[in-house]
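Every number in this text was worked out from the coordinates using simple rules, so none of it is lab data. All figures in this text were calculated on a predicted structure; none of them were measured in a lab. Glycine also receives a Cβ, built like all others from the backbone with ideal geometry; neighbour counts cover every protein chain displayed.
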């Protein structure tokens, strides 16, 4: 079990490659998204990284389960506080990790590589 009581093989994770066009708006919006995500049940990691010199960023996020991911994607990050992100950044590519279920759960606005579950891991599986 993971520290939060979830099984590692239920968790889903994402690494998102981003091109930033307005650094200050990006930083403010990322901070607002973190404040909201901090309170969402099942959000394990929600870390934004930015290289201001190149204008490249990464978002690393992890959720305890598909249900936790659904809570996040139907919440304020997608309906309110995160909307300015579309004005200041281009989402280039998503790497998705974990069992996201069938094609209906794999809809994405950006090019995505689905890696599935880990074939070897340090995380306990039971």
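Each peptide in 75-83, 10-18 receives the mean, over its residues, of other Cβ atoms within 10 Å, and ordering these scores from highest gives 10-18, 75-83.
Spatial offset of region 39-57 relative to region 79-99 amounts to 10 Å, using the alpha carbon center of each. One quarter of the surface of the convex hull around the alpha-carbon atoms of region 8-114 equals 6.2 nm², the direction-averaged projected area. For region 17-74, rounded, prolate or oblate, judged on the Cα gyration tensor with a ≥ b ≥ c (square roots of eigenvalues), a/c < 1.5 rounded, else prolate if a/b > b/c? In terms of gyration-tensor shape, prolate.
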